[in-house]
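S.K.: Here it is, the structure, as structure tokens.
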Amino acid sequence: DFKNESTSLCTHFSNNPHNRTSFSMACKCKEDEIYQQVVAMTHEERLKLAQQYKGRGMGLIVAGVGCAIGVGSGLWGSIGAGAIGVGIGAGSGLIFASCGFFKLSERVLELDQEIGSVPIAQPTA
């Protein structure tokens, strides 16, 4: 059940380096937990989930650019050209945070392809 993906996929935050995976910066989840949750979904649900994560990543990029422009233009009258650097610094965190969602979307698609290539055992009568 993926009604709230952000809490269902990211339930195991830990400072333990053994619980971290290398495929996602946004989520420090265990690989098998994500695998089990993705395996339980249908192909269409996996594609929808990957598209949602990609959309979240795009949203963070738009928010980061908006933040950079807003802060830069808001401070331009006060500090001049230095406002450009402040704006970029303010928006860069959001822009770089989007990488985690893009990687998670890519990983869901990789798992979907991996699951699709595994032949389903047919019961013998």
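S.K.: If a residue has to be in contact (Cβ under 8 Å) with a residue 40 or more places away in the chain and aliphatic (A, V, I, L, M) to count, how many in the range 65-118 make the cut?
M.R.: Qualifying residue count, the range 65-118: 6.
S.K.: Please specify each residue of the range 54-108 satisfying the condition of being hydroxyl-bearing (Ser, Thr, Tyr) and under 15 Å from the mean Cα position of the chain (by Cα).
M.R.: SER98, SER105
S.K.: While we're here: Out of (1) of a type outside the set (Asp, Glu); (2) at pLDDT below 85; (3) not in a helix (DSSP H, G or I), the odd one out for MET41 is which?
M.R.: Status for MET41: all satisfied but (2).
S.K.: Which one is nearest to LEU94 (Cα to Cα) among residues in the range 39-53 that are surrounded by fewer than 18 Cβ atoms within 10 Å (Cβ to Cβ) and under 16 Å from the mean Cα position of the chain (by Cα)? Full working, then the answer.
M.R.: Going through the range 39-53, the residues surrounded by fewer than 18 Cβ atoms within 10 Å (Cβ to Cβ) turn out to be 39-40, 42-45, 47-48, 51-52.
Still in the running and under 16 Å from the mean Cα position of the chain (by Cα): 47-48, 51-52.
Details: LEU47: 24, LYS48: 23, GLN51: 19, GLN52: 17 Å.
Checking each candidate, the answer is GLN52.
S.K.: In this structure, does MET58 turn out to be aliphatic (A, V, I, L, M) and not in a helix (DSSP H, G or I)?
M.R.: No: the conditions fail for MET58.
The values are calculated or read from the model by the stated rules, or taken from the named source; none is laboratory data. Predicted, not measured: the structure shown is a model, and the values here were computed from it. For neighbour counting, all protein chains shown are included, and Cβ atoms are generated from backbone atoms with ideal geometry for every residue, glycine included.
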